[in-house]
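Everything on this sheet refers to the single structure shown next.
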Amino acid sequence: MRNIYITTPIYYVNDNPHIGHAYTSIVCDVLSRYYKMTKNTSVKFLTGTDEHGQKVENAAKINDKKPQEFVDLVSKNFKNLTEILNISNSDFIRTTELRHKKTVKLVWNKLVERKQIYLGKYEGWYSIKDEAFYQEKELIKVDGKFQTQDGTKVEWLKEESYFFKLSNWQNKLLEFYDKNINFIKPSSRRNEVISFVKNGLRDLSVSRTSFNWGIKVPNHSSHVIYVWIDALTNYLSAINYPESFENEDYWRNSIHIIGKDILKFHAIYWPAILMAADLTPPKQIFAHGWWTNEGKKISKSLNNSIDPLRLIDKYGLDQLRYFLLREVTLGQDGDFSEKSFIKRINSDLANNLGNLIQRTLKLLEKHFDNIIPLKISELKNVKILLDTYKLVTTVQPKIENFEYNKALESIFNHIDQLNQFIDNEKPWESIKKNDLSKASETLSTLIECFRVIAVILIPFIPDSAKKILDTLNVDYANINFDKLNIKFCIKKGEKINKVEKLFPRYDE
Ligand code: MSP
């Protein structure tokens, strides 16, 4: 049995869910659904909310709420989004939960025991928005004031603080990256991280005293544990590790999928902290790119955030999932525009896939009373069938390599071929000529191909894929990729269901 652990970042509750959150969660969901459909694999899939820190404390104040009351409210919005997006997570963690606080303290104490933490004084720049410390060389000066390269405000902090001896881990980290070539993906990001680490690491301030909303440092309650140490530890809390080693195997096969903005925390701080606490780093970090809106960076000041709920309401969930996954290479930035969104879903989902299924099944309904006319061994046009089975082995490694858009490209190129097949075979003409045996063959072949295509599409557009499988009367409860072959194919004489419209067309 293979155990796999997939995680999203935990989302800050200072804001309402937007397209960035939806994107990260959907990207993880594809992988989780995919692995669940591979043989002998058990998947744990975690998401949740990051509820401590100065940023959240300030947001609660602005909303005139006590922090706990505020986080309870906003966390619910994220939980709802998870459900609306049809995310198949097995757990949802909140950093205000007891199970999490316990693990954070455990990790902190391990670092203290191993002399990796010391008390000192922090004096330097801090960004509340990023909850991050910056060196002056990382900042730029605008109108006489320092800010981050992204234009985020920073303030000068001077306070007593605990430090983590990050500087001691520079060489160990470089060795670790060297030995674990696939730890950071895509490789361009790996190079970025390595050069950052080679430039030298300073000890990391890991406690704050100027606000309250967080987990207190054990035995020193005027200090709150730095929110990133708190947040990163969620990945361990949810599997009750290292308190219990029962889930160690999941941990060894853990994949953190994150946005590129939080790579430094995951690829540098996190493995260093774990090694310092004598724990194993996760197996892999994959950083995806960012979405812009009609060419512009999404920001509060431009008020141009993209609301996933509005898009789902107007166009449907699988349409949104499909667009986000098909449009860009995972790892690169993408630009969202409603025009390209509509164009993409019309051409691929409504025309290419939906229309093909619709016209095939309508013929079956009208002329064969919805009964599958032939069995596989009676079909002569095996090339298209074999190509369809082969598609499974083409798509699998692409998903495992995070090449989702290439996987979808292969699937939809193949659907093009199926469209050509029906156009060449012209079953409607055979029917007109009363040649029902030829039409039987074309339609039975296509139905078998739809079965395979629908199963491959489950990780990407689960609702629609299941709708197709329901129409075809396929039991997908225990289906996995290894079963996508001739042995589990369509059955002659079986009645399938009436086809419903799958993907509406929208005005372009
Ligand atoms: N709380 C931290 C993560 C802690 S994980 C131990 C955090 N939260 S966040 O809510 O600000 O961001 C969550 C995710 O949304 C990140 O992966 C981030 O990259 C992603 N996105 C935010 N805006 C985005 C876009 N415009 N496009 C794509 N993803 C972006 O960071």
Problem - Rough spin-label spacing in nm, given labels placed 7 Å along Cα→Cβ, for Ser210 and Lys39 - result: 5.9
Handout entry: Mean residue ellipticity (222 nm) of the chain, computed from DSSP H runs ≥ 4 via -39,500 (n - 2.57), nearest 500
Key = -13500 deg cm²/dmol
Completion exercise
Straight-line reach check, Lys110, cutoff 15 Å on alpha carbons, 8 or more apart in-chain or any other chain, hits among aspartates and glutamates -> Asp230, Glu243, Asp278
Fill in the blank from the handout: Expected unfolding gain across Asn168-Lys129 under the 0.36 nm per residue rule, minus the alpha-carbon gap, is 11.3 nm
Exercise for the section: Just need log10 I(q)/I(0) for the chain at q = 0.06 Å⁻¹, Debye formula, equal scatterers on the alpha-carbon atoms, no solvent, rounded to two decimals. Expected result: -0.34
Practice task
Let me see the pair-distance distribution of the stretch 85-207: every alpha carbon pair, 10 Å bin width, integer percents in order.
Solution key: 10, 26, 37, 23, 3
Exercise for the section: Go through the stretch 199-300 and name the GluC sites (Glu not before Pro) that are in a DSSP coil and have 14 or fewer other Cβ atoms within 10 Å of their Cβ. Expected result: Glu243, Glu246, Glu294
Practice task
For the pairs Lys260/Lys297; Lys39/Lys467; Lys366/Lys498; Lys362/Lys438, note any where the Cα-Cα span goes beyond 19 Å.
Solution key: Lys39/Lys467
Practice task
Hey, could you get me the Stokes-Einstein D for the stretch 32-137, Kirkwood radius over alpha-carbon pairs, 25 °C and 0.890 mPa s, rounded to whole µm² s⁻¹?
Solution key: 142
Practice task
Run the 1.4 Å probe and let me know the accessible area of Glu365, rounded to the nearest 10 Å².
Solution key: 60
Handout entry: Using a Förster distance of 45 Å, the FRET efficiency for Val382-Lys501 (Cβ separation, nearest 0.05)
Key = 0.90
Completion exercise
Checked against a 26 Å limit on the C-alpha separation, the offending pairs among Lys44/Lys102; Lys145/Lys296; Lys76/Lys398 are Lys76/Lys398
Handout entry: Accessible area per residue, Å², the stretch 2-289 with all protein chains present, probe 1.4 Å
Key = 42
Fill in the blank from the handout: Expressed in nanometres to one decimal, the distance between label points 7 Å along Cα→Cβ at Asp470 and Glu192 is 4.1
Handout entry: Added length on full extension, which subtracts the Cα-Cα distance from 0.36 nm per residue, Glu113 to Glu294
Key = 60.0 nm
Handout entry: Segment Asp335-Arg359, extension gain: residue separation times 0.36 nm, minus the distance between their alpha carbons
Key = 5.3 nm
Completion exercise
With T = 37 °C, eta = 0.692 mPa s and Kirkwood Rh from C-alpha pairs, the Stokes-Einstein D of the stretch 382-443 in µm²/s is about 251
Problem - Options Ile140, Phe45, Asn497, ranked by Cα towards positive dipole end of the chain, top entry (Cβ charges) - result: Asn497
Fill in the blank from the handout: Expressed in angstrom and ordered largest first, the alpha-carbon extents of the stretch 430-508 along the principal axes are 42, 40, 18
Problem - Exposure rank, largest accessible area first [Lys105, Lys466; 1.4 Å] - result: Lys105, Lys466
Exercise for the section: Can you list which of the trypsin sites (Lys or Arg not before Pro) found in the stretch 109-155 are DSSP loop residues with at most 11 other C-beta atoms within 10 Å? Expected result: Lys115
Problem - Inter-part distance where the stretch 407-452 and the stretch 257-329 are each reduced to a Cα centre, Å - result: 39
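The values are calculated or read from the model by the stated rules, or taken from the named source; none is laboratory data. Because the structure is predicted, anything quoted here is derived from the model rather than measured. Every residue, glycine among them, receives a Cβ derived from its backbone with ideal geometry; neighbour counts consider all protein chains shown. We work out accessible area using only protein heavy atoms, side chains counted, and drop any ligands, DNA or RNA first. Shrake-Rupley method; radii C 1.70, N 1.55, O 1.52, S 1.80 Å.
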